[in-house]
Protein chains: 2
Amino acid sequence: MANPECKLCGLKSPAAELLTSNELEKLELNCAQVNFKKGDVIFREGTLATNIAYLKTGLVKVHMKGPTGDKILRLMKAPSYLGLPTTFGDKVNNYSATALIDSHICFISLDTFIEFIFKNGSFAYEIILDLCKNELADYQKYTNMSQKQLPGRLAEILLCMSHEVFKSNRFELPLNNNELSDFISTSRESVSRILSDFSKEGIIIMNKKEITILKEDILEKISIKG
Amino acid sequence: MANPECKLCGLKSPAAELLTSNELEKLELNCAQVNFKKGDVIFREGTLATNIAYLKTGLVKVHMKGPTGDKILRLMKAPSYLGLPTTFGDKVNNYSATALIDSHICFISLDTFIEFIFKNGSFAYEIILDLCKNELADYQKYTNMSQKQLPGRLAEILLCMSHEVFKSNRFELPLNNNELSDFISTSRESVSRILSDFSKEGIIIMNKKEITILKEDILEKISIKG
DNA sequence: GGGCAAATGTGACATTTATCACATTTCAGA
DNA sequence: TCTGAAATGTGATAAATGTCACATTTGCCC
């Protein structure tokens with residue numbers, strides 16, 4: 001736990017950028033930064049949702065228990081609010097958040113956050129925009145994932161890692177095969193086989209967890225055609 | 001198109017209930033009710049999102065083009081806002097909305113709606129709650145659907161129709177087999193076969209589009225175990 | 001009511017994916 | 001460095017689902 005300096009924070013959310021100086025002071029008094037290591041649970045499905053979680057740095061998986069096991073709903077990269085829907089939408093967390101790499105989270109008192117919504121229209125509007133954009137992204141991903149076969153889904157995740165998360169064609173895969181299977185709703189064996197296939201065909205190189213995308217165009221094709 | 005009387009409207013959204021008398025007058029001046037028949041498109045993917053659509057009465061499917069065809073993202077029953085995420089989240093509609101039965105929609109000027117968000121904190125908060133609850137429901141459904149096999153997915157939809165939409169174990173199915181297949185991401189043949197199976201096993205009776213659920217307990221089991 | 005387009009039912013077969021079993025590799029902690 | 005648990009790779013087989021083809025039914029419009 002660290003004493004935050006929200007005013008000086010260079011990683012404020014677009015909404016927090018719109019807070020007044022007084023409001024930022026209030027935020028500082030009602031906010032606590034906690035550092036999580038890879039694998040640490042940030043909040044857990046079934047527990048009371050009492051704080052807003054803001055991912056300042058790091059990478060997090062948001063996941064929920066399903067009929068046959070865990071389902072990864074989305075990856076969240078910093079900076080981003082982590083669980084607005086589960087904090088506002090229900091008293092109890094409907095899903096969990098777990099750090100995939102070392103991450104810094106600011107926990108903000110729910111009362112304070114709600115006060116900002118009530119008193120600062122720009123802040124509220126920015127939060128609404130954030131919720132809407134996230135939902136659009138979810139819909140897009142949901143539609144894609146549900147209509148593609150496994151190689152297409154896996155290709156989509158690799159491309160997303162490369163383009164959105166790490167912005168490089170070489171990166172350390174932050175998910176193991178089991179997590180990948182939770183993400184694309186399949187078995188870990190299928191993930192293993194498909195990654196092997198990608199390697200054999202020279203589309204990627206896997207060195208332990210380090211992945212290099214060699215033939216991005218082919219991966220795109222696999223992703224698009226499903 | 002009809003002259004709305006928002007003040008007297010008995011179907012106001014929870015958010016609109018929190019508007020002041022003045023704001024309701026403003027709403028009346030910036031709102032138009034349009035009636036849609038079964039099959040009519042309310043707003044279409046790819047077109048500019050210029051109004052808030054509020055479903056006053058009726059039933060609507062929200063759907064998006066995917067890699068291999070249409071995907072039904074969710075059914076919306078009245079009363080409910082129809083496409084907040086696509087109206088706020090992007091200039092262009094990311095998905096379509098189509099009436100499944102005759103429906104009444106109030107189109108609200110986006111500027112007016114945004115003004116309410118900025119000036120009325122309670123209204124803004126209520127909209128945020130609405131967005132969050134919808135997203136939680138989506139996550140739940142997404143997780144279930146992605147981990148269940150086809151009979152489980154179809155059973156879930158039938159139970160949803162019975163419990164949530166029509167509140168009866170006998171109802172007119174508002175989706176044809178093709179739409180059902182767009183909903184659970186399969187082929188229309190598979191839908192046809194599974195519905196036949198349900199009938200043969202005496203779980204449901206199908207008379208044209210009228211469905212009667214006979215053995216709800218078995219349908220629940222099929223839905224839960226996937 | 002007749003005729004036509006759309007929707008539905010169903011068999012045969014191909015493809016995809018899950019499951020089970022077990023070998024091998026990796027990695028963290030003693 | 002050793003060691004055991006966790007993660008991964010891979011073959012064989014079963015189960016689920018898609019695809020194609022075509023018959024039948026339904027519903028709508030004249």
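The values are calculated or read from the model by the stated rules, or taken from the named source; none is laboratory data. Keep in mind it's a predicted model, so treat the numbers as computed, not measured. Note that each Cβ is placed from the backbone with ideal geometry, even for glycine, and that neighbours are counted across all protein chains shown. Accessible surface is based on the protein model in full, side chains and every heavy atom, while ligands, DNA and RNA are left aside. Shrake-Rupley method; radii C 1.70, N 1.55, O 1.52, S 1.80 Å.
How many residues are within 16 Å of B:ILE194 (Cβ to Cβ) and more than 7 Å from every other protein chain (Cβ to nearest Cβ) if we restrict to the stretch B:133-174?
15
Taking the stretch B:199-226 on its own, how many of its residues are part of a helix (DSSP H, G or I), closer than 15 Å to B:CYS160 by Cβ and away from chain A (no Cβ under 14 Å)?
Residues flagged as part of a helix (DSSP H, G or I), closer than 15 Å to B:CYS160 by Cβ and away from chain A (no Cβ under 14 Å) within the stretch B:199-226 amount to 2.
Report the residue count in the stretch A:17-68 for those that are touching a helix residue (DSSP H, G or I) at 6+ places or on another chain (Cβ under 7 Å) and not charged (D, E, K, R).
Total satisfying the criteria: 14.
Out of all the residues in the stretch B:94-109, is one or more open to solvent by 40 Å² or more (accessible area, probe 1.4 Å), modelled with pLDDT under 95 and facing chain A (nearest Cβ under 7 Å)?
No, because not a single residue in the stretch B:94-109 is open to solvent by 40 Å² or more (accessible area, probe 1.4 Å), modelled with pLDDT under 95 and facing chain A (nearest Cβ under 7 Å).
Filter the stretch A:96-128 for residues that are over 26 Å from A:ASP182 (Cα atoms) and in contact with a Pro (Cβ under 8 Å, 6 or more places away or on another chain) and give the result.
Result: A:CYS106, A:GLU126.
For B:LEU73, are the conditions met, namely being at pLDDT 95 or above, in a strand (DSSP E or B) and at the interface with chain A (Cβ under 10 Å from one of its Cβ atoms)?
The answer is yes for B:LEU73.
Suppose we filter A:ILE127, A:ILE114 for residues that are over 18 Å from the mean Cα position of the chain (by Cα), among the aliphatic types (A, V, I, L, M) and within 14 Å of another protein chain (Cβ to nearest Cβ); which single one remains?
A:ILE114
Report every pair of residues separated by at least 6 positions or lying on different chains whose Cβ atoms are under 7 Å apart, first residue within the stretch A:182-193 and among the polar types (S, T, N, Q), second near DNA strand C (Cβ under 6 Å from one of its atoms).
A:THR186/A:LEU150; A:SER190/A:LEU150
Is it the case, given these coordinates, that A:LEU159 is in contact (Cβ under 8 Å) with a residue 60 or more places away in the chain and more than 10 Å from DNA strand C (Cβ to nearest atom)?
When the stated conditions are applied, A:LEU159 passes them.
Quick one: count up the residues across the stretch B:46-92 that are within 16 Å of the chain's Cα centre (by Cα) and of a type outside the set (D, E, K, R).
The number of residues fulfilling the criteria is 25.
Report yes if A:PHE88 is within 14 Å of another protein chain (Cβ to nearest Cβ), closer than 30 Å to B:ASN93 by Cβ, surrounded by 22 or more Cβ atoms within 10 Å (Cβ to Cβ) and without any contact (Cβ under 8 Å) to a residue 40 or more places away in the chain, otherwise no.
The answer is yes for A:PHE88.
Would you mind stating whether A:GLU172 is closer than 18 Å to A:LYS208 by Cβ, in contact (Cβ under 8 Å) with a residue 60 or more places away in the chain and out of contact with any Gly (no Cβ under 7 Å at 6 or more places or on another chain)?
no
Would you pick out the residues in the stretch A:187-222 that are open to solvent by less than 40 Å² (accessible area, probe 1.4 Å) and away from DNA strand D (no atom under 12 Å from the Cβ)?
A:GLY202, A:ILE203, A:THR212, A:ILE213, A:LEU219, A:ILE222
Being open to solvent by 30 Å² or more (accessible area, probe 1.4 Å) and not hydrophobic (A, V, I, L, M, F, W, C) is the filter here; which residues of the stretch B:164-178 pass it?
Selection gives B:GLU164, B:LYS167, B:SER168, B:ASN169, B:ARG170, B:GLU172, B:ASN176, B:ASN177, B:ASN178.
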